[in-house]
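Heads up: the structure comes next, in structure tokens.
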Amino acid sequence: ELLDDPELLEHFRSFDLITARESSSYEALKRVNPNTVLVADSAFLLDEVRLPLPSGFEGRDIVGINLSPLIERRESKEGIVRRNYEHLLESILKDTDYRILLIPHVVWSTNDDRTVLRELLRKYEHSNRIAMIEDHNCKELKGYISRCRFFIGARTHASIAAYSTGVPTLVLGYSTKSKGIAKDLFGTYENYVLSTQELSKEDELTEKWKWLQAHEEECRRQLQIALPDYIQRIYEGKKAIEMLSY
């Protein structure tokens, strides 16, 4: 809908090259600027570094959880995101023996995932099955995420760390990009992305998590099939940039 703005429309038309990392944005941009190329986010190529897991987590099934203040600011019903996460954690603790690892992915002073994750940690640490890691570089964060059996996250690059290492993932998203990336990998974003703005009941995230559990192997197989060709898109961006010099 941004492309309905005449000034922005003219702005996008002025570029010699636009690289779009998912098909939904690509299709919209291609209509206004033919110099648009579909690529994939270069974070799919990021290496991982594996640091020790928290005590009691090694050799156990882990659900990785990421939540951000940004997502909470985008909710349409006050408090609904937090209630969904609390309902989810309670369901995991009650119905499974999984460990829960809280993973911050952005730690800016005005937008720090640790602020909201620490509140969840304090509420459920009595279970002795929940822990939180502190700030790490992107490779180390990917190393933690790659060892999760499932991942539920709000940050795009946290979800990419999970997708790219074959981890079944559920995204709580607020924009086109999360839906577009999931659609490109799975053929649909339904059940893989839950829109923050559309949350209205406190058990919606839990219901999607249950779907992900039930379709775990299907999800893993699809990532295994899709990722090799998908990752090749990254190099399309490289080729397009090189062509600009001719």
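The values are calculated or read from the model by the stated rules, or taken from the named source; none is laboratory data. These figures come from a predicted structure and were not determined experimentally. So basically every Cβ, Gly included, is an ideal-geometry build from the backbone, and we count neighbours across all protein chains shown. For accessibility, only protein heavy atoms count, side chains too; no ligands or nucleic acids. Shrake-Rupley method; radii C 1.70, N 1.55, O 1.52, S 1.80 Å.
Checked against (1) open to solvent by 70 Å² or more (accessible area, probe 1.4 Å); (2) in contact with a helix residue (DSSP H, G or I) (Cβ under 8 Å, 6 or more places away or on another chain), residue 10 passes all but a single condition, namely (2). Taking each residue of the stretch 1-16 that is over 12 Å from residue 36 (Cβ atoms) and looking for partners that are open to solvent by 100 Å² or more (accessible area, probe 1.4 Å) and of a type in the set (A, V, I, L, M) with beta-carbon atoms closer than 7 Å, six or more apart or interchain, yields 8/2.
Got a sec? Which of 80, 71 is touching a Leu at 6+ places or on another chain (Cβ under 9 Å), of a type in the set (A, V, I, L, M) and farther than 20 Å from residue 134 by Cα? The match here is 80. Out of 68, 23, 42, one residue alone is crowded, with 18+ Cβ neighbours inside 10 Å and in contact (Cβ under 8 Å) with a residue 60 or more places away in the chain. It is 68.
Any chance the stretch 68-91 includes a residue that's more than 23 Å from the chain's Cα centre (by Cα) and over 17 Å from residue 177 (Cα atoms)? No, because not a single residue in the stretch 68-91 is more than 23 Å from the chain's Cα centre (by Cα) and over 17 Å from residue 177 (Cα atoms).
For the stretch 130-174, taking the residues that are open to solvent by 40 Å² or more (accessible area, probe 1.4 Å) and not in a helix (DSSP H, G or I), the one that is nearest to residue 231 (Cα to Cα) is identified as 165. Looking only at the stretch 94-112, decide whether some residue is open to solvent by 10 Å² or more (accessible area, probe 1.4 Å), in a helix (DSSP H, G or I) and either under 14 Å from residue 144 (Cβ atoms) or at pLDDT below 95 (or both). Within the stretch 94-112 (the criterion being open to solvent by 10 Å² or more (accessible area, probe 1.4 Å), in a helix (DSSP H, G or I) and either under 14 Å from residue 144 (Cβ atoms) or at pLDDT below 95 (or both)), the answer is no, since none of the residues qualifies. Scanning the stretch 193-228 for residues that are free of Cβ contacts under 8 Å to residues at least 60 places away in the same chain and either in contact with a strand residue (DSSP E or B) (Cβ under 9 Å, 6 or more places away or on another chain) or among the acidic types (Asp, Glu) (or both) returns 193, 194, 195, 207, 208, 211, 217, 218, 219. For the stretch 175-203, residues that are within 20 Å of residue 69 (Cβ to Cβ), open to solvent by less than 60 Å² (accessible area, probe 1.4 Å), part of a helix (DSSP H, G or I) and out of contact with any Phe, Trp or Tyr (no Cβ under 7 Å at 6 or more places or on another chain) total 2. Does residue 43 satisfy the criteria of being touching a His at 6+ places or on another chain (Cβ under 9 Å) and in a helix (DSSP H, G or I)? When the stated conditions are applied, residue 43 passes them. What do you reckon, is residue 165 among the β-branched types (Val, Ile, Thr), modelled with pLDDT of 95 or more and closer than 16 Å to residue 102 by Cα? Criteria not met by residue 165.
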